[in-house]
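To keep things clear, I will list the structure first and then write my remarks on it.
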């Protein structure tokens, strides 16, 4: 089931890391910054309730969606009391899981505005739509994730390694050249048709979306 969920979320445009036990889940959550965590209760080594509780004790605040076959009210209460943000009981519909994740990711309006914008570029993470001015952009899932990353860090130079870690999952075994390819693809959609050069190359370092991107 974990593999099916991973494939479904990748098709939705997410970069997904998969772990098999609670101990590894705690380590991964401490080492990497995640937009959301889907956490099964019945994990070997350390159950999902304990993992969630320890994450909160260690000040890791990524939204947690608890996923389990345990449907009793007491179990749901235990999950929420351990620090989970939402609770979904198996069997479930994937569309509902994806919708709940979108809601969790956009919950904090201070850290995650409903619509990201820099100049005339706008992106709605929840509805998976993006625009340059009044023109809606047709983006692949990877192009969308890349644009979202730049819009969340306007004016900041992002290295190829940083981009790989955020847009591609840890299982990616290719080279960083894929970043250069997708930056070219993205420029061809967000800049070139509009006479813009907002997505800049910083030689020897990486890429930057100018924070003064024009109207």
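Just so you know, all these numbers are worked out from the coordinates, no wet-lab data involved. Quick caveat, the model's predicted, so the values are computed rather than measured. Positions of Cβ are backbone-derived with ideal geometry, glycine not excepted, and every protein chain shown enters the neighbour counts.
A straight chain from residue 58 to residue 46 at 0.36 nm per residue would run longer than the Cα-Cα distance by 2.8 nm. Ranked by how many other Cβ atoms sit within 10 Å of their own Cβ, fewest first, the residues 52, 46 fall in the order 46, 52.
A simple spin-label model places the labels of residue 210 and residue 134 2.4 nm from each other, with each point 7 Å out along Cα-to-Cβ. Each of 28, 1, 66 was scored by other Cβ atoms within 10 Å of its Cβ. Listed from fewest to most, they are 1, 28, 66. Label-to-label distance, residue 102 versus residue 1, with points set 7 angstrom from Cα along the beta-carbon direction: 2.3 nm.
Prolate is the label for region 116-209, because the ratio a/c of its alpha-carbon gyration tensor axes (a ≥ b ≥ c) is 1.5 or higher and a/b is greater than b/c. Placing a pseudo-label 7 Å from each Cα along the Cα-to-Cβ vector at residue 89 and residue 124 gives an inter-label distance of 3.3 nm.
Subtracting the Cα-Cα distance of residue 31 and residue 115 from 0.36 nm times their residue separation leaves 27.5 nm of extension gain. For region 2-105, what does the alpha-carbon gyration tensor say about shape, rounded, prolate or oblate, given a ≥ b ≥ c as the root eigenvalues, a/c under 1.5 as rounded, and a/b over b/c as prolate? It is rounded, given that a/c, with a ≥ b ≥ c, falls under 1.5.
Using just its DSSP H runs of length 4 or more, each adding -39500 (n - 2.57), the chain gives a mean residue ellipticity at 222 nm of -12000 deg cm²/dmol after division by all residues.
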